[in-house]
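Nothing in this text is a laboratory measurement; each read-out follows from the coordinates by a stated rule. Treat the numbers as computed from the prediction; the structure is a model and nothing was measured. Glycine gets a Cβ as well: all are built from the backbone with ideal geometry, and neighbour counts include every protein chain shown.
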Amino acid sequence: MRAAVLRETNKPMSIEDVTLDPPKADEVHVRIAAAGVCRSDLHFMKGEAALRLPAVLGHEGSAVVLDVGERVTSVAPGDHVILSFVPWCGRCRYCLAGRSNLCDLHGSTIGTMLDGTRRLHAGGEELSPMGKVACFAEEAVVPETGCVKIDPGFPMPQAALIGCSVTTGVGSVIFNARVEPGSAVAVIGCGGVGLNALQGARAAGATTIIAVDVNDAALEFAVRFGATHTVNPNAGDPLKAIKDLTDGLGPDYAFEAFGSAETAQLAFDAVRKRGTAVIIGIAPLGESVAADAVALVRQEKTLRGAFYGSSTPAWDFGRMIDMYNAGQLDIDGLITRTYTLDRINEAYEELERGVVGRGIISFE
Ligand SMILES: NC(=O)c1ccc[n+]([C@@H]2O[C@H](COP(=O)([O-])OP(=O)(O)OC[C@H]3O[C@@H](n4cnc5c(N)ncnc54)[C@H](O)[C@@H]3O)[C@@H](O)[C@H]2O)c1
Ligand SMILES: [Zn+2]
Ligand SMILES: [Zn+2]
């Protein structure tokens, strides 16, 4: 089967014929239906995040089950699934505490399957599967806990986006920050993840929703997902603009959804007294945010991170589907471009250049 292989950072991925071992016990063999073009993959391509190379990227995907390994009971051949990039062990303290997005076994086996081995090969070489998903490929072997069964009538491109950007963006607002109705919210970075934070804020009943992005087209697009105001940092001091839009106070919540120390700093500085800055974007390795130590105390600010929207994917993918079906989330409108696997490098060049909405690699 064919896969996009990342062999070196800052080089295009190559489309190669690779081999996939059969699923071991507790694993599932799937045919990929759709894969989302997320910035997290770009971080690995650029060397801003580390993964043993060569690797097959792709962590936002939907698929159809082909066959299952021993002991698998939750899915069967023919089932439609959303892939999760944090499969869970069910035994570590985080899984037991209902925080499977922070599973220790997954965290200690990055770049391999949960048992520390790999299923993907090219020639004699092993390929690392990003997020134990590796959906920039026609097929994948994933842990049973890394796939969640859905209704076969649900559209597959939309399902793929629930696998990362929707659950991450919406979840950061409703599961992590727990935004209350009437809140003022700012979202910094309005790509696939930020647009979902915006519509999460709208669903949560926020009344002032400020979209911040350096791309005017992204800001225009953001209005469709709930932005009531827009700020372009290239047009003037974004901190002042955000304060001006919130009676000089700053928002109750600011969500950082680009991935840099600078934008994380803006989120922290912008929020009002007792406000919360939630960092979603993954900054390049080694960067840090300086929280003003006095503001932290005297203004009782909170700075926190949100991984996978603080969701429990096995349960919360279904909640995202329910919100979509209830008309509370617009996932159709997020999908602005569709590519074949052969055009994946073009898809990432466009993401980096700054196009609006989310791109999809379609295998159907
Ligand atoms: N926490 C998680 O679990 C999780 C999950 C998925 C993605 N991520 C991370 O979220 C971030 C966003 O991912 P995405 O796929 O939405 O990216 P994207 O490329 O689709 O969107 C990023 C947006 O940020 C804007 N931007 C760039 N520089 C900016 C600046 N200085 N100020 C304001 N906006 C700016 C871009 O114009 C673009 O619209 C990435 O770092 C990604 O790795 C985190
Ligand atoms: Zn992602
Ligand atoms: Zn665990």
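At a glance:
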| read-out | value |
| --- | --- |
| Segment 138-153 versus segment 66-123: alpha-carbon centroid distance in Å | 10 Å |
| Among Cys103, Cys147, Cys190, residue whose mean-square fluctuation peaks in a GNM of the chain (springs only between Cα atoms under 10 Å) | Cys103 |
| Top of Gly354, Gly309, Gly327 by mean-square fluctuation, Gaussian network on the chain, Cα under 10 Å | Gly327 |
| Mean Cβ count within 10 Å, highest first, over the residues of peptides 24-30, 92-98 | 24-30, 92-98 |
| Segment 339-364 versus segment 265-311: alpha-carbon centroid distance in Å | 30 Å |
| Three-way shape label, segment 105-152, alpha-carbon gyration tensor, a/c 1.5 | oblate |
| Peptides 286-294, 335-343 ordered by average Cβ neighbours within 10 Å, highest first | 335-343, 286-294 |
| For the chain, calculated [θ]222 nm from helices alone, where every DSSP H run of n ≥ 4 adds -39500 (n - 2.57) | -7000 deg cm²/dmol |
| GNM flexibility winner over the chain from Glu138, Glu126, Glu346 (Cα, springs under 10 Å) | Glu346 |
| Prolate/oblate/rounded label for the chain (Cα gyration tensor, a/c 1.5) | prolate |
| Helix axis angle, 313-325 relative to the chain longest principal axis, alpha carbon, degrees | 70 degrees |
| Segment 316-364 shape via C-alpha gyration tensor axes, a/c threshold 1.5 | prolate |
| By average C-beta atoms within 10 angstrom, highest first, the peptides 152-160, 220-228, 32-40, 240-248 | 32-40, 220-228, 152-160, 240-248 |
